[in-house]
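The values are calculated or read from the model by the stated rules, or taken from the named source; none is laboratory data. Every value quoted in this text rests on a predicted model; they were computed, and no experiment measured them. Neighbour counts run over all protein chains shown; Cβ positions are idealised from the backbone, glycine included. Side chains included, ligands, DNA and RNA excluded: accessible areas come from the protein's heavy atoms. Shrake-Rupley method; radii C 1.70, N 1.55, O 1.52, S 1.80 Å.
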Amino acid sequence: GKAPLRIADGWKDWEWGAEMWCYGMYAFGVRPSDVVFMAYNYGTFIGFWLGHYGAEKIGAMTVPGGGSSSEDRIKKIIELGVTVLACTPTYALRLAQVAQEMGIDLVKDTKVRLLLHAGEPGASIPSTKKTLSELWGAKVGDFPGMSETGGSTAFECAEQCGGIHIIEDNYYQEVVKPGTDEVLGYGEKGELVLTSFGRAAIPLIRYRTGDLVERVP
């Protein structure tokens, strides 16, 4: 477009967005006893800020990792006994590379048990998920979303049933035939259309995401 995407949120919208992250994190296994390290740069993108506040809502110790080098982040992960790492999947791969250069075995030398990935599709690609899990010795979860719909719209649960879950009491989902309004049923691939129940400043009704999905029971 001609200008960057700008999202105007009210305070209630912001609280609701953090709650959506909280839903997903808790379903994936994050608990108040965890130490969550947010390895993001804390720039203008809303998703990772909301993830930070979502972890706080659960009651977990939440550590911001903005403005640090990869080496410093790895040191903090070890020193603080981090159990949950939130970052993009490609950055988790980069951290593993740096750890190897530092002579650190992430499986033996850290307490990380959960990897929360957003911002990129890697955590839902089987080969990438397997690689990440082996490098960190942790369970890998995908948390997709978009700024327009409020940050986090779906999550991978602790059961890891092979897909992701829409937060159904906060989003109404439809799958339609691309280029039409024809609603498709289970097992049919189409465009995901979302209606958000929690966004007031920028209400979205039947927002065409452009994402191709297949709905399964």
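Some notes on this structure:
- Checked against the criterion of being part of a helix (DSSP H, G or I), over 16 Å from Lys130 (Cα atoms), open to solvent by less than 20 Å² (accessible area, probe 1.4 Å) and modelled with pLDDT of 95 or more, the candidates Ala86, Ala99, Ala92 yield just one match: Ala99.
- Any chance Glu15 is open to solvent by 60 Å² or more (accessible area, probe 1.4 Å), within 16 Å of Ser152 (Cα to Cα) and among the acidic types (Asp, Glu): yes
- Any hit, the range 172-185, residues being of a type in the set (A, V, I, L, M) and touching a Pro at 6+ places or on another chain (Cβ under 9 Å): no
- Residues that are in a loop (DSSP other than H, G, I, E, B), open to solvent by 20 Å² or more (accessible area, probe 1.4 Å) and at negative phi within the range 171-197 comprise Lys177, Pro178, Thr180, Asp181, Glu182, Gly185, Tyr186, Glu188, Phe197, listed in sequence order.
- When Val140 is tested against (1) closer than 30 Å to Asp9 by Cβ; (2) assigned to a helix (DSSP H, G or I); (3) open to solvent by less than 60 Å² (accessible area, probe 1.4 Å); (4) at pLDDT 95 or above, only condition (2) is not met.
- Filter result for Ala118 (more than 29 Å from Ala18 (Cβ to Cβ), out of contact with any strand residue (DSSP E or B) (no Cβ under 6 Å at 6 or more places or on another chain), surrounded by 22 or more Cβ atoms within 10 Å (Cβ to Cβ) and not basic (Lys, Arg)): no
- Of the residues making up the range 181-197, those that are touching a residue at least 24 places away in the same chain (Cβ under 8 Å) and either among the acidic types (Asp, Glu) or over 28 Å from Gly17 (Cβ atoms) (or both) are Leu184, Gly185, Tyr186, Gly187, Glu188, Lys189.
Residue-wise test of (1) open to solvent by 50 Å² or more (accessible area, probe 1.4 Å); (2) in a loop (DSSP other than H, G, I, E, B).
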site: Lys2; (1), (2): yes, yes
site: Asn41; (1), (2): yes, yes
site: Thr44; (1), (2): yes, yes
site: Gly54; (1), (2): no, no
site: Lys57; (1), (2): yes, no
site: Ile74; (1), (2): no, no
site: Ile77; (1), (2): no, no
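- Residue match in the range 87-105 (condition: of a type in the set (Phe, Trp, Tyr) and out of contact with any strand residue (DSSP E or B) (no Cβ under 7 Å at 6 or more places or on another chain)): yes
- Members of the range 203-217 that are open to solvent by 50 Å² or more (accessible area, probe 1.4 Å) and outside any strand (DSSP E or B): Pro203, Ile205, Arg206, Arg215, Val216, Pro217
- Residue among Gly43, Gly59, Gly29 that is without any contact (Cβ under 8 Å) to a residue 60 or more places away in the chain and either touching a Leu at 6+ places or on another chain (Cβ under 6 Å) or at positive phi (or both): Gly59
- Qualifying residue in the range 64-71 (condition: of a type in the set (S, T, N, Q), under 24 Å from Trp16 (Cβ atoms), modelled with pLDDT under 95 and open to solvent by less than 60 Å² (accessible area, probe 1.4 Å)): no
- Note on the range 146-169: residues that are surrounded by 18 or more Cβ atoms within 10 Å (Cβ to Cβ) and either polar (S, T, N, Q) or at positive phi (or both) total 5.
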